[in-house]
Amino acid sequence: MPRLLVFQHVAHEILGTLDPLLRDAGFRIKYVNFERHPDAEPNLEGYDGLIVLGGPMNVDEVDNYPNLITEISLIRMAVEKELPILGICLGSQLLAKALGAKVTKNPEKEIGWYEVSPTNEGENDPLTSNFLREEKIFQWHGDTFDLPKGAKLLASSPLCKNQAFKFGDNVYGFQFHLEVDKPMIERWLNVPENKKEIEALGGKIDPDQIKTETPEYISRLNELSNAVFGDFIDLFGYNKKRETLPSR
């Protein structure tokens with residue numbers, strides 16, 4: 001039975017739609033909750049892969065979040081061990097940082113539904129080839145990463161060039177959130193810190209608009225997440241259940 005290590009930074013950012021896919025494929029999942037245990041020092045020994053989830057912090061806020069140093073070190077070790085790795089949002093930034101790239105403020109925050117398109121490389125990648133030419137994807141970030149040396153850019157958006165990358169054969173960073181469903185989005189919009197972040201933007205982001213758009217786009221997002229995450233699970237060679245989507 002494959003074992004997967006998951007780094008978590010805040011309570012509301014979880015595996016989401018990835019969770020049932022992993023469990024159906026026979027994975028045993030171990031969360032490391034750095035919000036509760038910032039001094040945790042997990043070990044990669046005995047694990048077959050790593051997923052690093054999102055969070056509101058910047059990768060360089062190591063004085064406030066010393067666990068970020070631990071995570072970057074472990075991500076580097078996981079890359080050296082050639083484990084399948086998926087970084088989501090903050091996770092993609094930590095992955096880029098671990099690979100020697102810079103993480104900086106994006107010119108504009110993306111919070112809500114935004115168009116994301118695969119690059120030429122992305123159209124031929126096992127995971128992002130599931131994307132149509134334009135997809136509405138849920139986002140919640142203010143930072144962005146430079147493309148690590150040797151990595152392939154897989155997807156971009158008009159407001160953020162580097163949306164997804166691949167390093168080697170089985171290491172992926174996604175700036176966007178494929179893992180959310182409608183209840184998760186509603187919870188995120190009600191998190192006090194998230195509400196303050198939106199309010200500080202002076203009306204640039206309208207949470208009511210996000211609520212209105214979510215029913216329109218969530219079905220396709222969940223369909224896409226099943227396809228993309230299913231192909232990520234296939235990298236482990238353990239997947240017991242795969243259904244081909246009619247729209248693929």
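Filtered by the rule that a residue be of a type in the set (F, W, Y) and farther than 18 Å from P56 by Cα, the stretch 114-151 gives Y114, F131.
Quick grid of which residues meet (1) closer than 15 Å to Q139 by Cα; (2) exposed (fewer than 15 other Cβ atoms within 10 Å of the Cβ):
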{"residue": "F176", "(1), (2)": "yes, no"}
{"residue": "W188", "(1), (2)": "yes, no"}
{"residue": "P192", "(1), (2)": "no, yes"}
{"residue": "K204", "(1), (2)": "yes, yes"}
{"residue": "Q209", "(1), (2)": "yes, yes"}
{"residue": "E216", "(1), (2)": "no, yes"}
{"residue": "D231", "(1), (2)": "no, no"}
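Are any residues in the stretch 45-66 part of a loop (DSSP other than H, G, I, E, B) and closer than 19 Å to L178 by Cα, and if so, which ones? Matches in the stretch 45-66: L53, G54, G55, P56. Of all the listed residues (P84, P42), the sole one being at pLDDT 95 or above and under 20 Å from F176 (Cα atoms) is P84.
Screening the candidates G26, G87 for the property of being under 29 Å from I210 (Cβ atoms) and not in a helix (DSSP H, G or I) yields one hit, G87.
Return yes when A101 is touching a strand residue (DSSP E or B) at 6+ places or on another chain (Cβ under 9 Å), assigned to a loop (DSSP other than H, G, I, E, B) and in contact (Cβ under 8 Å) with a residue 12 or more places away in the chain and no when it is not. In short, yes.
Would you mind stating whether V116 is in contact (Cβ under 8 Å) with a residue 40 or more places away in the chain, in contact with a Lys or Arg (Cβ under 6 Å, 6 or more places away or on another chain) and crowded, with 17+ Cβ neighbours inside 10 Å? No; evaluated as a whole, the condition is false for this residue.
The values are calculated or read from the model by the stated rules, or taken from the named source; none is laboratory data. Nothing here was measured: the structure is a model prediction, and the numbers come from that model. Reconstructed Cβ throughout: ideal geometry from the backbone, glycine too, with neighbour counts over all protein chains shown.
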